[in-house]
Amino acid sequence: MTKSLEFKPQLFETLRHYSKKQFTTDLMAGIIVGIVALPLAIAFGIASGVTPEKGIITAIVAGFLVSVLGGSKVQIGGPTGAFIIIIYGIIQQYGFEGLTIATLMAGVFLVMFGILHLGTIIKYIPYPIVVGFTSGIALTIFTTQIKDLLGLTMESDPSDFIEKWIAYIGSFSTIDWWSTGIGLGSVVLIALWPRVTRQSALSKLPGSLIAIVVMTVAALLLKQYAGVTTIETIGDRFSISNVLPEAQMPQLSWEVIKGLVSPAITIAILGAIESLLSATVADGVIGARHSSNTELIAQGVANLASPLFGGIPATGAIARTMTNINNGGRTPVAGIVHAAVLLLIFLFLMPLAQYIPMACLAGVLVIVSYGMSGWRSFSSIMKNPKSDVIVLWVTFLLTVIFDLTIAIEVGLICACLLFMRRMAETTDVKVISDEIDPAEEESDFQLGNLEHLTIPEGVEVYEINGPYFFGAGNKFEEIMGALGHGRPKVRIIRMRKVPFVDSTGIHNLTNLCLMSQKEGIQVVLSGVNEQVQAVLHKAKFDELVGAENICSHINIALDRARQIL
């Protein structure tokens, strides 16, 4: 039976019982979140390799659509730090038009994820992978900001992590101390602002915005009265425009689409993980429950619309979502207000962005990278089983040294292989050659007396404890080779604790039966549950071993063994 489409935007649910009081609260929360989102949108846009207005356009378009169509009441959508590295890589290889196509493809994938009800499945991506690539992204973002933070003059700016640090070291003599002061001052101001204003109404204002205002004024004063002209600003690097772009569809070609499938899937998976993680965290704070599949569809629509207006990939932003909650936002109206505030700023104040120092934006992103690093989670996973540590480090190092696409792909493969190994180890096979201990049994003695459970000579009982798949069949050969005595005439395989069997398990079981038949040994199955029995029947295993040799209980299996003897 197919599941119906799960698309229930929270906006329409909350408007049924909406009040003027709630609107006032949402309005204030939306205004504050819009102010918080402004410097981040500009910084994320520039760090991604695009112009600052594209970051704001993304926050406006995606933020509006995520709030209108989303499955969370308080989710705030927009550009995030997680996308910086992959966006930059796509632009370097395919140009901005390639990024537009990849984002559109990611939007299609996200909508498909929601339609196919994959929202709950994506939540099960192993935690070490999430921490690994998030920490790797944080380190990479920090690395990309060193040039602007210190005002270095470099002949080339390599994209490779190791080569970039080598270039930094070689260019350290070109450091501009005025830019360094602006950058480090921004870091200190943003870090200390919440502590200094904890008991003040000013605590509502984000430290990043305060840093941008203070450092922009400082840079202007230094230039005007001290003749300092070495502090690079946004206007020195970009032409700022406050004109809303018209929707444009990029030229599509099959060759480009094929080349962008992998990064597009990475954008979609990363966007899905981050948005659902943000929505889940928000649920725990406000005591609500989001619709994961509706949220994925909304994220998909947002990523379909954003690139048409010159935007970049977007997802749910945890920091902005928490800011919304902490300031009283409880419905999607707050997210809509946040988008409207950004639109007004874009139309009327955008030209002022040209005076913002690049070193100040670098300082903002240094703080963002520290927040993303999750070093506490990283260190706690280091105390977990070795398999988790391996997945964590593989994902982290691949993210830093290569790119996020490879890191997620290899990390998932490693996690799957280690999971399969761990599951295979949970399946235990033991041999019982004398008698079955009644103390270990539960209800298996309801059909007979205890004396009937003495195992006759020439019969060996093998008990499988756990799912019958992967290496379970090989364990039979290892155990039989270790016995070191004559072959039995009957092998009883107890499967009362086998919850399911897969094709690999059936294949191994078939090989065991064929090998036993060549040696003149009859195989009898015992305690097979209905589900496993149905799978065996479908695979025609009962024809190989004989339907009379598949027994529902150990007593029946022992009686069958005596008949064979």
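The values are calculated or read from the model by the stated rules, or taken from the named source; none is laboratory data. Fair warning: this is a prediction, and the values are worked out from it, not measured in the lab. Reconstructed Cβ throughout: ideal geometry from the backbone, glycine too, with neighbour counts over all protein chains shown. The protein model used for the area step is the full one, side chains on, heavy atoms only, and it has no ligands, DNA or RNA in it. Shrake-Rupley method; radii C 1.70, N 1.55, O 1.52, S 1.80 Å.
Please find, within the stretch 218-241, the residue that is nearest to Trp193 (Cα to Cα) out of those that are assigned to a helix (DSSP H, G or I) and open to solvent by less than 70 Å² (accessible area, probe 1.4 Å).
Restricting to residues being assigned to a helix (DSSP H, G or I) and open to solvent by less than 70 Å² (accessible area, probe 1.4 Å), the top hit is Ala218.
Return the pairs, sorted by first residue and then second, in which the second residue is of a type in the set (Asp, Glu) and open to solvent by less than 70 Å² (accessible area, probe 1.4 Å), the first residue lies in the stretch 359-386 and is under 20 Å from Ala191 (Cβ atoms), the beta carbons are less than 8 Å apart, and the residues are 6+ apart or on different chains.
Ala359/Asp148; Ala359/Glu232; Leu361/Asp148; Ala362/Asp148
Among what's in the stretch 374-394 and is part of a helix (DSSP H, G or I) and touching a helix residue (DSSP H, G or I) at 6+ places or on another chain (Cβ under 6 Å), pick the residue that is modelled with the lowest pLDDT.
Ser387
From Lys147, Lys204, which residue is surrounded by 14 or more Cβ atoms within 10 Å (Cβ to Cβ), within 27 Å of Ala37 (Cα to Cα) and touching an Asp or Glu at 6+ places or on another chain (Cβ under 7 Å)?
Lys147
Determine which member of the set Gly316, Gly329, Gly363 is within 18 Å of Ala279 (Cβ to Cβ), open to solvent by less than 10 Å² (accessible area, probe 1.4 Å) and over 22 Å from the mean Cα position of the chain (by Cα).
Answer to the selection: Gly329.
Considering each residue of the stretch 289-306, count those that are surrounded by fewer than 21 Cβ atoms within 10 Å (Cβ to Cβ) and either without any contact (Cβ under 8 Å) to a residue 12 or more places away in the chain or more than 15 Å from Gln10 (Cβ to Cβ) (or both), and give that number.
3
Are any residues in the stretch 457-496 among the aliphatic types (A, V, I, L, M) and at pLDDT 75 or above, and if so, which ones?
Result: Val459, Val461, Ile464, Val490, Ile492, Ile493, Met495.
Just the residues that are buried (at least 24 other Cβ atoms within 10 Å of the Cβ) and of a type in the set (S, T, N, Q), please, taken from the stretch 268-288.
Passing the criteria: Ser275, Ser278.
Return the residue satisfying two criteria in turn: it lies in the stretch 488-519 and is in a loop (DSSP other than H, G, I, E, B) and open to solvent by less than 60 Å² (accessible area, probe 1.4 Å), and of such residues it is nearest to Leu544 (Cα to Cα).
This residue is Asp502.
Taking the conditions exactly as written (open to solvent by less than 10 Å² (accessible area, probe 1.4 Å), touching a residue at least 40 places away in the same chain (Cβ under 8 Å), in contact with a helix residue (DSSP H, G or I) (Cβ under 9 Å, 6 or more places away or on another chain) and farther than 24 Å from Ala138 by Cβ), does Gly70 satisfy them or not?
yes
Based on what the data block shows, is Ile345 in contact with a helix residue (DSSP H, G or I) (Cβ under 9 Å, 6 or more places away or on another chain) and surrounded by fewer than 24 Cβ atoms within 10 Å (Cβ to Cβ)?
yes
If I filter the stretch 96-116 for residues that are within 21 Å of Leu412 (Cα to Cα), outside any helix (DSSP H, G or I) and either open to solvent by 30 Å² or more (accessible area, probe 1.4 Å) or of a type in the set (S, T, N, Q) (or both), do I get at least one hit?
yes
All but one of (1) open to solvent by 20 Å² or more (accessible area, probe 1.4 Å); (2) part of a helix (DSSP H, G or I); (3) modelled with pLDDT under 90; (4) farther than 24 Å from Gly311 by Cα hold for Thr134, so report the exception by its number.
(4)
Conditions tested, residue by residue: (1) out of contact with any Pro (no Cβ under 9 Å at 6 or more places or on another chain); (2) on the phi > 0 side of the Ramachandran plot; (3) without any contact (Cβ under 8 Å) to a residue 60 or more places away in the chain.
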| position | (1), (2), (3) |
| --- | --- |
| Leu5 | yes, no, no |
| Thr14 | no, no, no |
| Lys21 | yes, no, yes |
| Thr24 | yes, no, yes |
| Gly34 | yes, no, no |
| Ile42 | no, no, no |
| Ser48 | no, no, no |
| Pro52 | yes, no, no |
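How many of the residues making up the stretch 155-192 are of a type in the set (Phe, Trp, Tyr) and open to solvent by 50 Å² or more (accessible area, probe 1.4 Å)?
Within the stretch 155-192, residues that are of a type in the set (Phe, Trp, Tyr) and open to solvent by 50 Å² or more (accessible area, probe 1.4 Å) number 4.
Matching residues to (1) surrounded by 18 or more Cβ atoms within 10 Å (Cβ to Cβ); (2) assigned to a helix (DSSP H, G or I); (3) in contact with a Lys or Arg (Cβ under 8 Å, 6 or more places away or on another chain); (4) polar (S, T, N, Q):
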{"residue": "Val523", "(1), (2), (3), (4)": "yes, no, yes, no"}
{"residue": "Leu536", "(1), (2), (3), (4)": "yes, yes, no, no"}
{"residue": "Glu548", "(1), (2), (3), (4)": "no, yes, yes, no"}
{"residue": "Ile556", "(1), (2), (3), (4)": "no, yes, no, no"}
{"residue": "Ala561", "(1), (2), (3), (4)": "yes, yes, no, no"}
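Of these, Leu244, Leu260, which one is in contact (Cβ under 8 Å) with a residue 40 or more places away in the chain and open to solvent by 70 Å² or more (accessible area, probe 1.4 Å)?
Answer to the selection: Leu244.
For the stretch 185-213, give me each residue that is under 19 Å from Pro52 (Cβ atoms) and outside any loop (DSSP other than H, G, I, E, B).
Ser186, Ile190, Ser208, Leu209, Ile210, Ala211, Ile212, Val213
Given (1) over 31 Å from the mean Cα position of the chain (by Cα); (2) surrounded by fewer than 17 Cβ atoms within 10 Å (Cβ to Cβ); (3) not in a helix (DSSP H, G or I), where does Leu152 come up short, assuming only one miss?
(2)
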